[in-house]
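A.B. asks: One structure, pasted below without further comment.
Laboratory data are not the source of any read-out in this text; all were calculated from the coordinates shown. Keep in mind it's a predicted model, so treat the numbers as computed, not measured. Please note: Cβ atoms are built from the backbone with ideal geometry, for glycine as well, and neighbour counts cover all protein chains shown.
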Amino acid sequence: MSTTSVDIHQPHGHPDDPHHQHHFATMEQQFDTSKIGMWLFLATEVLLFGGLFVGFGLMQARYPQEFVEAHEHLQRPLGALNTVVLLVSSFTMVMGVLSAQRNDKKKLVLFLILTIICAGIFLTVKYFEYSHKFEEHLLPPRWYHAQPGDTVKDPYTGQISHGYGTFFAFYFMMTGLHGFHILVGMILLAWIAVRAHRGEFSKEYYTPVDLIGLYWHLVDLIWIYLFPLYYLIK
Amino acid sequence: MSTDQIIQHEETDADHEPHSSGVYVKTLIALLILTAITVGASYIDFGAGNVVIALFIATIKATIVALFFMHLRYDKPVNAVIACAGFLFLGIFLMFCFIDFGSRDGLRPVNWNGKMPVETAAPAPAPGAAAPANK
């Protein structure tokens, strides 16, 4: 088993590049293999969020009026701001990858830091949105307090419809899971920023930058769907 | 993007991603414009069309992100196959869930106390149709 360990300083690394692991024929093959693995992970991420999207869709079909009234409590400008922030962060991320491809260490570190800053802005805006909802008791059904604009009563119980709280249950679950992905992304970005600062990446070897970039774009891509579904539905 | 261009890119395999920032700047501008359009459209009432428009624009944006930021446009096709497979199976999941949902009626609330509707004295839902759907 000792030959499978990845010790770049040992002779079983290729002499041309210390990052080149001995079980890969070329650096390109090694890079492509890592990338396929990342894409498989991203496909499972799509399915993870997909389950929640399907659940959201079903509940919206079941409580259409409640969902429209509940979404009026979300602040559309803040959602739009966060969309722009994430799109810009995706841009800075891809510029970081480009800088790595160009052997530009300073710019790579700079763009990674800019991406982390954008992620920080996103989570800060999310914090203000969440605290507003906690204050107004816009929460999952058990803790939901009826709002002045709520019109739908449950025909069976005569009480306020379950749909309002259901909207916020999905809201917190989906944006919460997405926010968690942002947080994980920030940690990963900080990690590769430190490694980039140490000069570990070059145009021959920048696989971690590229793969974490892919992860970051997927997080952006999920928000691209979350934003219209939660903030813009009619 | 024509298929000729894709084939051309597959043939020039050695050259992966674009080596200038121009493509990425244009991608970002396109995404920001589409965001402005989707936010603007949400203030106009198209009835049921609002959801369709919002999801259509979101899909365009997601495709742009995947093609340019995620490099699928320039990558080996296997990565695009994996990405499409993920969305294909999500589509199957979504479709069957909605077929199931559409075949049910009289879904009762989770906090139902066993009494018949308060406001409308509708007859009890047909047995079998709603019983397993009692969420």
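A.B. asks: Using DSSP to call loops (not H, G, I, E or B), can you name the chymotrypsin sites (Phe, Trp or Tyr not before Pro) in the range A:28-65 whose Cβ has at most 16 other Cβ atoms within 10 angstrom? Mind dumping the intermediate values first?
C.D. replies: Numbers: sites: A:PHE31, A:TRP39, A:PHE41, A:PHE49, A:PHE53, A:PHE56; in loops: none.
Here no loop site has a sparse enough neighbourhood.
A.B. asks: Which ³J(HN,Hα) values, rounded to whole Hz and listed in residue order, are derived for the range B:52-60 from phi using the Karplus coefficients 6.51, -1.76 and 1.60 in 6.51 cos²θ - 1.76 cosθ + 1.60 with θ = phi - 60°, glycine and proline given as x?
C.D. replies: 4, 4, 4, 6, 5, 5, 4, 5, 4
A.B. asks: Under Stokes-Einstein, with the Kirkwood radius over Cα pairs standing in for Rh, what whole-number D in µm²/s applies to the range A:21-121 at 4 °C and 1.567 mPa s?
C.D. replies: Numbers: Rh = 17.4 Å.
Once the numbers are plugged in, D ends up at 74 µm²/s.
A.B. asks: Around A:VAL85, under 12 Å between beta carbons, what's the net of Lys plus Arg minus Asp minus Glu among the other residues?
C.D. replies: In short, 0.
A.B. asks: Can you give me the long-range amide H partners of A:TYR156? Hydrogens built in the peptide plane at 1.01 Å from N, cutoff under 5 Å, separation of 5 or more residues or another chain.
C.D. replies: B:VAL118
A.B. asks: Using the Cα centre as the reference, give the magnitude of the dipole from point charges on the C-beta atoms of chain A (Lys, Arg: +1; Asp, Glu: -1; all else neutral), rounded to the nearest 20 debye.
C.D. replies: Computed charge dipole of chain A: roughly 300 debye.
A.B. asks: Please report, for the Cα atoms of the range A:26-231, the Rg to one decimal and the Dmax as a whole number; what are they, in angstrom?
C.D. replies: 20.3, 69
A.B. asks: List the lysines whose alpha-carbon lies under 25 Å from that of B:LYS76, not counting same-chain residues fewer than 8 positions away?
C.D. replies: Answer for B:LYS76, where 25 Å is the Cα cut-off: A:LYS35, A:LYS203, B:LYS26, B:LYS61, listed by chain and number.
A.B. asks: Search the structure for amide H atoms under 5 Å from the amide H of A:ILE233, placed 1.01 Å from N in the peptide plane, and list their residues when 5 or more places away or on another chain.
C.D. replies: Answer set, sorted by chain and number: none.
A.B. asks: So for chain A, taking the charge dipole from beta-carbon charges (+1 Lys/Arg, -1 Asp/Glu), which of A:LEU42, A:HIS22, A:THR83 sits furthest toward the positive end?
C.D. replies: A:THR83
A.B. asks: Turning to a different aspect of this structure: Residue by residue through the range A:223-234, what is 3J(HN,Hα) from phi via Karplus (6.51 cos²θ - 1.76 cosθ + 1.60, θ = phi - 60°)? Round to whole Hz and write x for glycine and proline.
C.D. replies: 5, 4, 8, 4, 4, x, 5, 8, 9, 10, 5, 10
A.B. asks: Read phi for every residue in the range A:30-36 and hand back ³J(HN,Hα) as whole Hz from Karplus 6.51 cos²θ - 1.76 cosθ + 1.60, θ = phi - 60°, with x for Gly and Pro.
C.D. replies: Going residue by residue, I get 4, 5, 5, 5, 4, 5, 4 Hz, with x marking Gly and Pro.
A.B. asks: GluC sites (Glu not before Pro), restricted to the range A:93-189: which are DSSP loop and have at most 13 other Cβ atoms within 10 Å?
C.D. replies: For GluC sites (Glu not before Pro) across the range A:93-189 that sit outside H, G, I, E and B with at most 13 neighbouring Cβ atoms in 10 Å, the list reads A:GLU136.
A.B. asks: Let me check against my output: what whole-number percent is the relative contact order of the range A:108-234, with C-alpha pairs under 8 Å and at least 6 apart? Write out the running numbers ahead of the final one.
C.D. replies: Numbers: 76 pairs, mean separation 36.6, N = 127.
Taking the mean separation of contacting Cα pairs over the length of the range A:108-234, I get 29 percent.
A.B. asks: Normalised by the number of residues in the range A:51-190, what is the relative contact order in percent for Cα pairs under 8 Å and 6+ residues apart?
C.D. replies: Computed value for the range A:51-190: 32 percent relative contact order.
A.B. asks: Relative contact order of chain A: what whole-number percent is it, with Cα pairs under 8 angstrom and at least 6 residues apart?
C.D. replies: 28 percent
A.B. asks: Taking the Cβ-Cβ separation of B:TYR43 and A:GLN159 as r and a Förster radius of 35 Å, what is the calculated FRET efficiency to the nearest 0.05?
C.D. replies: The pair B:TYR43/A:GLN159 has a calculated efficiency of 0.60.
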